[in-house]
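Each remark here refers to the structure printed beneath this line.
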Amino acid sequence: MQDIVSILSALAEPTRLAAIRLLWDGEEHCVCELMKKIDASQSRMSRHMAALKVAGLVIDRRDAQWVRYRRHPKLAPEVVAIVDAIMAATPQAEADAA
């Protein structure tokens, strides 16, 4: 299992939590889409996505000038349960206000 501290640390930041909420559907999302929905600059979004990648929560794929991200398909059930619990404990409206 991934390091729980890395996961919790990655999700403690509101921008990263907002990104995980979008990626948790299992679909692939362009960083341009994430930037627009989260209202973040490209450099800020890239920095936060790198942290989620290091924590093992997402994987990426380069597509021309953009990078596409998705939830890591091989997350342990325990990790999925942790992320689900964090998202349930922080309602979307609260996460948007952060």
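The values are calculated or read from the model by the stated rules, or taken from the named source; none is laboratory data. On a predicted model such as this, the values are computed, not experimentally measured, just so you know. As a convention, Cβ positions derive from the backbone with ideal geometry for all residues, glycine included, and neighbour counts pool all protein chains shown.
Output the residues belonging to the stretch 1-34 that are of a type in the set (S, T, N, Q), under 20 Å from residue 76 (Cβ atoms) and either part of a helix (DSSP H, G or I) or at pLDDT 95 or above (or both).
Within the stretch 1-34, 6, 9 meet the criteria.
Which one of the conditions (1) in contact (Cβ under 8 Å) with a residue 40 or more places away in the chain; (2) surrounded by fewer than 13 Cβ atoms within 10 Å (Cβ to Cβ); (3) out of contact with any helix residue (DSSP H, G or I) (no Cβ under 9 Å at 6 or more places or on another chain) does residue 28 fail to meet, given that it meets all the rest?
(2)
Out of the residues in the stretch 51-98 meeting the condition of being loosely packed, with under 14 Cβ neighbours inside 10 Å, small (Gly, Ala, Ser) and part of a helix (DSSP H, G or I), tell me which one is modelled with the lowest pLDDT.
97
Out of everything in the stretch 31-50 that is surrounded by fewer than 16 Cβ atoms within 10 Å (Cβ to Cβ) and under 21 Å from residue 5 (Cβ atoms), what residue ends up being farthest from the chain's Cα centre (by Cα)?
47
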